[in-house]
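Shown next, in structure tokens, is the structure this report addresses.
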């Protein structure tokens, strides 16, 4: 605090603290707390309360329809018949209005009840989707790691500088393209009538429903997030003193030992960051499963959350689901850090 | 542990169209402390990488202990390399570092741990076995690197300027320690350095290298006392230089005509009258004459300045365009003032004439 003031002066320090405060409380802690609070209560009505509300809604609908019809009749030229029909409609509407008034009198205001029911609501079906999402994200992370590690090592330590720069450029170029378009590319390849199946057809294979089986989501996800694994690992391997690799070689280490004993231990922070980013992005991805399956395969957990919020407009359950996903991600972060013996300050580097 | 000899037969290293090491014949005896001394960029590190197996020679052959090393990688050579920055494994403890090579050779954990502790004992580091290299001082890290390299019982130890990062006191101490280790183990040491002090004090023989070629191989005394060419004469130690033409030769001595007079010197390179030549005298062989009579090889000069180096002083005197350096031990207790007139001189046996050639830049 004092050192901040010494380096930046009073007003600048105030601005920095204000921005940091807004960031931490307004953008991180605040929304999360609201989300957690939301997830812990629901609106509860009395005995049969939901039914009465539904009936009142239906009656209001009927009144609306009758009013429309009535307006049609009012537009017709005046006649005795018209007046009679009008009177009939007015009567019906009045009757309904009375009925609504009676029902509304019996209706009780819903109460806000705190419970963990929102979390319990995640029934067996949703639990299966949740588990599938977590396992598939772990799978994506693992595949991304096994693809990226050799690539990062090659670029950082084996390729001559010019070629390394070219490879890095080639890796980055696809990411200049919008994520949706990148996913669409895979959609077109893996479609039932797509390129992959056309190729299989040439060799006499039956077409495979890649998208409908969920394979498509997996493939597109690996592709969409692989760069988030390459760069952290590349960056840490780059900082490894090449002499250490040579020293290991000189002392008789083979390729496997060089990697398990020297390169991998050094790259741990990068691997942790890469795995955490890839896992969080995969588990939290909405666009990839949405575009790749369009409802033809089991949904991703994020799609369930979306549905709870915006289709069944049940924010409380949505909040509970969202918080569950967040908890899993946090657990994953700590697990990775424990597993790779990485501390927060290593990651920050 | 016993050392093996190294034989290079017309071995060269080329990178594309750049020749880092020109075809080279060299024999390093078994159990010898051999230094390769040269300015940076002279190809000495390339030569070392060729010996260790990280580079393959482009032409010629390399034999260690009589066996050809063609196609054999660093893991399978009887050599061990100590890197300039030591390249200790920072995430392993000291004993794990030392035991790494044994681990790679399939030793069981108790066996290799025992051996590592034994080696650490010999470099007086057994107390530090459980620390990581980052917790050690520079000198201690140095000794860990030595223990690690010795653990695999190499026949040849290759050292790439490992002392350059240490301060002077520690460096002098480590020189003695390295020499001691070399003697007790009997391993062939090949020591790369640009520091002539290191090369001259430790080595049995020194090779002076420049621009990918070896200029001279010999004992420290030979290289310093009988330089083979102007480059060696100026790169190893300091030398006063006089350019001129040979006037006459007789009985192993030659007389050189120079712009500031005639000088007599040993003619160990058998120059002939009329040859363009260079005369070299070491600053410590220069004398400041107190006699009134003119001695042989006298130079009338004007005193310029004195730099104290510690045990001796560097005096500088000028004669025409030529500056001379004179080393004077600090026991003499004579001082001069700027622009004092001095008579310098040197014995013909202290000087040598050789054919003109490239000098060291330094």
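Worth a mention:
- Residue count for the range A:30-50 satisfying the condition of being modelled with pLDDT of 85 or more and surrounded by fewer than 12 Cβ atoms within 10 Å (Cβ to Cβ): 3.
- Meets criteria (touching a helix residue (DSSP H, G or I) at 6+ places or on another chain (Cβ under 6 Å), within 11 Å of chain B (Cβ to nearest Cβ), under 30 Å from residue B:49 (Cβ atoms) and free of Cβ contacts under 8 Å to residues at least 12 places away in the same chain) for residue A:241: no
- Within the range A:282-293, the residues that satisfy the criterion of being touching a residue at least 60 places away in the same chain (Cβ under 8 Å) and surrounded by fewer than 22 Cβ atoms within 10 Å (Cβ to Cβ) are A:287, A:291, A:293.
- The residues listed here are A:208, A:230; of these, the one that is farther than 17 Å from residue B:73 by Cα, more than 14 Å from chain B (Cβ to nearest Cβ) and outside any loop (DSSP other than H, G, I, E, B) is A:230.
- Unmet requirement for residue A:223, which otherwise passes all of (1) assigned to a helix (DSSP H, G or I); (2) within 14 Å of chain B (Cβ to nearest Cβ); (3) touching a residue at least 24 places away in the same chain (Cβ under 8 Å); (4) surrounded by fewer than 22 Cβ atoms within 10 Å (Cβ to Cβ): (2)
- Filter result for residue A:63 (part of a helix (DSSP H, G or I), surrounded by 11 or more Cβ atoms within 10 Å (Cβ to Cβ), touching a helix residue (DSSP H, G or I) at 6+ places or on another chain (Cβ under 8 Å) and modelled with pLDDT of 80 or more): yes
- Residue within the range B:74-83 that is at pLDDT 90 or above, more than 14 Å from chain A (Cβ to nearest Cβ) and either touching a helix residue (DSSP H, G or I) at 6+ places or on another chain (Cβ under 9 Å) or not in a loop (DSSP other than H, G, I, E, B) (or both) present: no
- Cβ-Cβ under 7 Å pairs, at least 6 apart or on other chains, the range A:244-266 side more than 7 Å from every other protein chain (Cβ to nearest Cβ) and in contact (Cβ under 8 Å) with a residue 40 or more places away in the chain, far side in a helix (DSSP H, G or I) and surrounded by fewer than 18 Cβ atoms within 10 Å (Cβ to Cβ): A:245/A:157
- Test set (1) within 27 Å of the chain's Cα centre (by Cα); (2) more than 14 Å from chain A (Cβ to nearest Cβ); (3) touching a residue at least 24 places away in the same chain (Cβ under 8 Å); (4) not in a strand (DSSP E or B) - residue B:86 fails condition number: (2)
- Residue A:236 vs. criteria surrounded by 21 or more Cβ atoms within 10 Å (Cβ to Cβ), part of a helix (DSSP H, G or I), within 14 Å of chain B (Cβ to nearest Cβ) and at pLDDT 90 or above: yes
- Taking the range B:215-235 as the range and being assigned to a strand (DSSP E or B) and more than 16 Å from residue B:359 (Cβ to Cβ) as the test, the residues that pass are B:217, B:218.
- Here the condition is being over 30 Å from residue B:187 (Cβ atoms), touching a strand residue (DSSP E or B) at 6+ places or on another chain (Cβ under 7 Å) and touching a residue at least 40 places away in the same chain (Cβ under 8 Å); of B:273, B:230, it holds for B:230 alone.
- Test: residue A:17 is over 30 Å from residue A:121 (Cα atoms) and assigned to a helix (DSSP H, G or I): yes
- Selection status of residue B:112, part of a helix (DSSP H, G or I), surrounded by 18 or more Cβ atoms within 10 Å (Cβ to Cβ) and in contact (Cβ under 8 Å) with a residue 24 or more places away in the chain: no
- From the options A:304, A:281, residue that is within 18 Å of residue A:126 (Cα to Cα), within 13 Å of the chain's Cα centre (by Cα) and more than 14 Å from chain B (Cβ to nearest Cβ): A:304
- The number of residues in the range B:89-108 being at the interface with chain A (Cβ under 8 Å from one of its Cβ atoms) and either in contact with a strand residue (DSSP E or B) (Cβ under 7 Å, 6 or more places away or on another chain) or surrounded by 24 or more Cβ atoms within 10 Å (Cβ to Cβ) (or both) comes to 2.
- If the condition is being in contact (Cβ under 8 Å) with a residue 60 or more places away in the chain and either away from chain A (no Cβ under 14 Å) or assigned to a loop (DSSP other than H, G, I, E, B) (or both), then the range B:151-184 contributes B:152, B:153, B:154, B:155, B:161, B:162, B:164, B:165, B:179, B:182.
- Looking across A:168, A:181, one residue alone is surrounded by 15 or more Cβ atoms within 10 Å (Cβ to Cβ) and in a helix (DSSP H, G or I). It is A:168.
The values are calculated or read from the model by the stated rules, or taken from the named source; none is laboratory data. None of these values were measured; they are calculated from a predicted model. Glycine gets a Cβ as well: all are built from the backbone with ideal geometry, and neighbour counts include every protein chain shown.
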